[in-house]
Amino acid sequence: FSNLPLGRRFPTKFEDFERYDLFVCGELEPGVLTNEQQSHLRRAVENGAGWIVSDGQRQSWRESTFAPLRELLPINWVSDAQLNPSRPSAVTPTAEGDRLGMLSLENDGDTASADAWRKLPPLQLFVPTKPLPGSQVLANVEHEGTTWPLFVTRTYGAGRVFYAASDET
């Protein structure tokens, strides 16, 4: 967090967490958030804040130092998945994802948006996961005949957590 402008840092006191409606985290280095900060983030989400998590090739969210936050995530990692390094196919929104305006790539209706999704370049990498019960899968990626969730969300307390299984999106 040293590259944040003008001394802005991830909050350290719960009162500071309460000022935010949304937290966005990519892959963080293990140990960058203290247990106290993780506890405050968890409490902020329970109280109604949103948390967007982007996973990637380092898969740092699996690290034991992030254990206090993993319970919030709407997924479990598939540790025994053996992925061929070939590219996965295009991302496809699910029926639930189609209903959300945030996944619509065109305004001409469902067919135009689906065509636009098919034309996007395939992902180079995604993290194999399984959604937890009660989670909503908003988009999938097909890889060698297997469908994997890409965007997964669920409520946690009064808040919502959104997980992206790739940092390429």
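The values are calculated or read from the model by the stated rules, or taken from the named source; none is laboratory data. As the structure is a prediction and not an experimental result, all values here were calculated from the model. When we count neighbours, we look across all protein chains shown, and the Cβ atoms used for this are built from the backbone with ideal geometry, even at glycine. Side chains included, ligands, DNA and RNA excluded: accessible areas come from the protein's heavy atoms. Shrake-Rupley method; radii C 1.70, N 1.55, O 1.52, S 1.80 Å.
Structural remarks
- Ratio of the Cα radius of gyration of the chain to 2.2 N^0.38 Å, where N counts its residues: 1.09
- With all protein chains in place and a 1.4 Å probe, the accessible surface of the chain carries 48 percent carbon and sulfur.
- Cα-based shape type of segment 104-169, given that a ≥ b ≥ c are square roots of the gyration tensor eigenvalues and the cut on a/c is 1.5: oblate
- Counting only Cβ charges, +1 for Lys and Arg and -1 for Asp and Glu, the dipole size of segment 108-169 around its Cα centre is about 300 debye.
- Per residue, segment 18-169 exposes 54 Å² of solvent-accessible protein surface, assessed with a 1.4 angstrom probe and all protein chains in place.
- Among beta bridges from DSSP that stay inside the chain, the antiparallel ones total about 70%.
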